[in-house]
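Below is one structure, written out as structure tokens, with a few remarks after it.
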Amino acid sequence: MTVSFFQCSWTDKGIVLTQSNAGKETIEIPWKDITKICFEATDIYSTDNMHIYFNNSKEKVVIPLDSEGGHALWDEIVIRKLFDEIKANELRFAEDRTICHPE
């Protein structure tokens, strides 16, 4: 599933995504089900994206970093060590690069 318009939040149990363009459908992804996260750094004219793989990487969502709550969600992902902090810092000024954790 790839959806581009989200409101992002989280609980102790996992990520909560509300699709703002599809009748407010809510997707919940338990933290324990996340198997891989890729950060796609784009150019200065586009938004960066988080690709979150879950359910043994059989499913994924693509969350624009600029979606509501996207930056805060990315910070929470790094705090929870679901993405390597050193790799995350490398991406701050990167363009046209994708880094995944685990690789």
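Each value in this text was obtained by applying a stated rule to the coordinates, not by laboratory testing. On a predicted model such as this, the values are computed, not experimentally measured, just so you know. Cβ atoms come from the backbone with ideal geometry, glycine included; neighbour counts cover every protein chain shown.
Quick notes
- Projected label distance in nm at residue 92 and residue 9, using a 7 Å step from Cα toward the beta-carbon: 3.0
- Cut-off 13 Å between beta-carbons: net charge of the residues surrounding residue 96, Lys and Arg +1, Asp and Glu -1: -3
- Partnerless cysteines, meaning none of the other Cys C-beta atoms lie under 4.7 Å away, in the chain: 8
- Extension gain for residue 57-residue 44 works out to 1.8 nm (0.36 nm per residue, less the C-alpha to C-alpha distance).
- For the stretch 6-101, convex hull of alpha carbons as volume per residue, Å³: 92
- For the stretch 41-100, GluC sites (Glu not before Pro) meeting the loop criterion (DSSP other than H, G, I, E, B) and having at most 13 other Cβ atoms within 10 Å: 95.
- For residue 27 and residue 72, a Förster radius of 25 Å and the Cβ-Cβ distance give a FRET efficiency of 0.90, rounded to the nearest 0.05.
- Qualifying lysines (Cα of each under 22 Å from Cα of residue 36; at least 8 residues distant if same chain): 13, 58, 60, 81, 87
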